[in-house]
Every structure is written in C-alpha cells, then in structure tokens.
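Okay, so here's the structure we're looking at.
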Amino acid sequence: MINNDTLTLYYYNDGLTDDERNHVESALRSDTNLAARYGALSRQLSGWNDPETPAAPPHLLARWHDSIDRAAQSENNAPEIEKTGPFQFFSFAWGGALAATLALGVALGMFFSGNDVIPIPDGIPVEVTQSTAVPASFTRGLQVHLRESQWELASLPAEASTDNAQLLMQIIEQNRMFERAAKQNNSPNVARLLRAFEPILMRLANEDIAPEDAEALRAQLAFELNVMLTKLARDPSKEAHTT
Amino acid sequence: MHLLPKILFVSLALFVANTSIAQESADDAEQLKIAALEALISAPPDRALPIVEKVLAGDHSDEVKSRALFILSQIDLPEAQAILLTTASSQSGELQLEAIRMIGIGGDPETLAALRGIYDTGDIEVKESILHAYLIADDSAAVFEIAANAVDDDEFEQAVQMLGVMGATDELAKLRDRDGSTESLIHAYAISGDYESLRVLATDSSDPEQQMQAIHGLSIVGGEQVGTTLMEIYRSTDNAEVKESAVHSMMIADYDEGVLELYRASQDSNEKRDLLQLLVMMDSEAALQIIDETLGGGQ
C-alpha cells in the first residue's frame, strides 16, 4: 500500500526513484481511493505553499527526512501510546502531524538558510557556529516552531484521545530538536524554557487527563509561549548576553 | 517609546481587575489580569518587577500568581531571583512547585544551589519538582550530589532516573559502586543510552538476575553493536533464562538478522521452532523465506 509519506514525496517530486514514481503514477491511475486520497493531500499541501520560504539544501533535506523517520520510529516504539486500527489519513492527528512536520521543515529551512546546521537527534554529526551571537536564522526558525506549537495546541480537541497524544508526541519531538539547537547556539535561556515545556506536553499527551486539567495546562502553555514569542520578537539577539 | 502607555495599561488593568467591576464576570476579570501580566514582558525589568511583586503579595488566584512567577523568571534582575526563592521556600502547594520550576527556567546558579536546602526539608512532590528544576537548568552536578547523598533507596532511584533522562553518563558511572542500587542504575543506563556500562553488566554472569536486567537495558539502547553483544551472550551462556532474555531483547531491539543467524546455526529442532516463532512475531521478511524453504524442503 502506498502511504501518505510516499504521496507527499511524489507531490513534491522529491526523494523517489524513477521506478517509485512510476509505481505511484500507475497506482493513481488504477486505484480510485488512492487518487482521491492524493487529491485531498495535494489540496492540503498546495494551501501550505509558501513561496518566500527558502529551500533547504539537498543534504540537509536528507537529514530532515532521516530525522522524521527516527521521530516516527521513536513514536511507534513509545509504550504509552496505544496503537489503534488502520491508519486514518483524514484523522486530526495525521493532519496535525503533517502540518507539524511541514512547519518543522519551514523552520529548519529558515535555519539552514543561514548556513548553520543544528544537531538532529541521535548523534547525527553537526557543524555549529562558534560565534557567541545567536544566529538570526535560529531565532526565526524557533519563532515558526513556537507559533505552530501554539496553533496546534489551540486546535486540539478538548477531550483527550489517541489522536491528541500522537500530535503532542510530534510536538515534543520537535521541541527536543529545538532545545538541542538552542543549546548549541548560545541560547541556554531558550533551551531551559523548551525543556520546561516538555513535562507539560507529556502530561497533556496522557490519555487519562481530565478535560479541566488539560484546559489548565493548555492555558499555561499558551501564556508561556506568548511571553516567549514576545520576548524573542522584542530582543532576538539578547540571549547571548544574558547568561 | 510606548512603554509609559504600556505600564499605565498594565497598572490600570490590574487595578480594574483587582477592584472587580460588578457586571464583569470573575472569569473575565481573571483573563484580564493574565493579559495584563503577559503585556508586562514588554516593560523594562525595573518597572515590571514591583508590579509582579505586588501581584504575588495580593489577593489573586493561584493561576494569576503562577503567571506572575513566569514573568518573574523572565526578568533579568537579582531581585527577581530572590522573590522566586522566597516563594519557593515560604509557599506551599502549587505555587511553591511553580516557583521551583521557575527557578529552573531562570537558571541562576546561586538560586539553583539554594534549592538544595528546600530539597532536604521538602516532601516527595517538592523533591521531585526540584529534580525537575535541575533537569530544566541542565544541572547534572546538582542531581548527582542528591543521588550521592541520598538517605534512602527511593530518593536515590529518583535522582538516578533523572540523571538517566539528562544523559549524564559520567555522573552515573561515578555512582556505579553504590551497594544495592544496580537495578536503578541499569534503568538509568538504558535511558541515557550508556551502552558500555550495560555491556559490562550484561556479560557478567555472576548474578543472572542482574545480568538479565542489563540485557533488557541493552534492548532499549538498540543499535548494531547491541545486536552483536546479545548474540555473544546468547551463544556463550548455558543459562536458559539468560538465553531467553537475550533473544527477547533481540526482538525488542528489532535485530532480526541475529535471530535469523541463530536459526540457521541451530541444530536443535525445538530451538529452531522457537526462533522461527520469534521471527514471525517480529514480522521479519526472513520468516517467510524460512517457511518457504522449510516447506519446499519437504517436497
């Protein structure tokens, strides 16, 4: 079966061999369900197109793909998330996860466009700027990540569910990436804040959480994210001097 | 340039919310206070600090005070840290825990060090919050001190677990010789991905129970070198339980190449059957190949 990752790569004409592209093309011609799924995906992806977003270089794109695979693998291995039946493309979690992944791509694309390389989880080798200043590209990428997190948290249905938990695990994965990036980019204040978000996100991901507790945690995160964004917008270069 | 109006807005909003207009609902008033606090982040620190201090001392809900504590953690003034520390030591319940978290976020070394005194006299929740604050501040040395001086196993276990989450392999290695604490350490080695410490314990057959725990820990770490080590353990032991532990860890580590190799090398039909079942459970491509070979061989 052709999954949505493959369809996404097909849409972007990226990462598939000629044979794989031919296989997708042929399947789209013969499988009406797949064609409908691809149509919906294309509409969703075209809505997210951002002509001003700088493209990441191919080698960094490959690392990004790898990091997504690892994140997905790690999510699949997470014991606390109960797996449910067949994959539902139109489920909230998939839509949210795809949005989150693309947002991460945009954020990392912005960051990479500044000629820096942030560490990707699991020990992939990195190049890090040795300067004491915080790269502007990192700050911009972080702002995108925080805004997306804010949006995703605000869009979460009130009732805890497996879908919510899966999306929150995605946010946690991205949060960890930016926390490591912050650490490597002279931003210990940002790194501490991102680390402080994780226990709250983990509690939110708990499927047994009461709706009123989830609401309180989301309100807390919304406040802290807003303050962080305001601070970043106010003085993006201050970080290096405040520790 | 627009700071004065902002300060006036914040003060007015807090005043208005504080005195509570009759027709306004309590929720609206609460939200207004929170919005006012959020706006404070744009004010100069020396102007924001007294307002936050006043909120903390006033008759506001825990939610509003918690938000004020967060703003305090973002104010780069020593007085802000002092207020956080006072709140962490004098308050109780959620506000105390929140103040401790904010000290972690603030990351000031002196304030973090002062948390140790609160830790010693705090209850379980306070101790756990302080460990989390050290995690947020990435202060593995402070967590190590707590683990090294732990007065009971639970306290040691919590601190060691935190070191594992922090990936503090050096600090964990220093705790290796503590009596009766190997199980907690093994968990922490697994969480921190410390392959080498686990390998040493997993290949030591003097205590099979401990050996099996370490073998399980290896499966969590995963990776090719783990697979090779598990194979060696499987082949070198005569203990059936250790063998079973090794092969199950290969399954958890998704090392089907190793299981396949053991299957092909085995001369024991019972063992071959068990290994084949394992390959099927692992959803390995090799399982179908073997089934095909086995059925084809009988024709």
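The values are calculated or read from the model by the stated rules, or taken from the named source; none is laboratory data. Just so it is clear, the model here is predicted, and its values are computed rather than measured. Positions of Cβ are backbone-derived with ideal geometry, glycine not excepted, and every protein chain shown enters the neighbour counts.
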- Query: For region A:199-213, does any single residue satisfy the condition of being at the interface with chain B (Cβ under 10 Å from one of its Cβ atoms) and either surrounded by 17 or more Cβ atoms within 10 Å (Cβ to Cβ) or within 21 Å of B:Leu37 (Cβ to Cβ) (or both)?
  - Reply: yes
- Of the residues in region B:85-107, those that are over 22 Å from A:Ala216 (Cα atoms) and either assigned to a helix (DSSP H, G or I) or away from chain A (no Cβ under 11 Å) (or both) number 5
- Based on what the data block shows, is A:Asn186 surrounded by 16 or more Cβ atoms within 10 Å (Cβ to Cβ), assigned to a loop (DSSP other than H, G, I, E, B), within 14 Å of chain B (Cβ to nearest Cβ) and not hydrophobic (A, V, I, L, M, F, W, C)? yes
- Message: Anything in region A:183-203 that is at pLDDT below 90 and on the phi < 0 side of the Ramachandran plot? List them, or say none.
- Response: A:Lys183, A:Gln184, A:Asn185, A:Ser187
- Exactly one of (1) in a helix (DSSP H, G or I); (2) among the aliphatic types (A, V, I, L, M); (3) in contact (Cβ under 8 Å) with a residue 40 or more places away in the chain is unmet by A:Ile172. Its number? (3)
- Please give the helices (runs of 4 or more DSSP H) falling wholly within region B:137-220 in which 3 or more residues are under 15 Å from the mean Cα position of the chain (by Cα). B:140-148, B:153-166, B:182-192
- Message: Test of understanding: among B:Val143, B:Val126, which residue is more than 11 Å from chain A (Cβ to nearest Cβ) and surrounded by fewer than 23 Cβ atoms within 10 Å (Cβ to Cβ)?
- Response: B:Val126
- Item | Every residue from region B:230-260 that is touching a Ser or Thr at 6+ places or on another chain (Cβ under 7 Å), part of a helix (DSSP H, G or I) and polar (S, T, N, Q) | B:Ser249
- Query: What about B:Ser66, is it within 10 Å of another protein chain (Cβ to nearest Cβ), in a helix (DSSP H, G or I), under 25 Å from the mean Cα position of the chain (by Cα) and not basic (Lys, Arg)?
  - Reply: yes
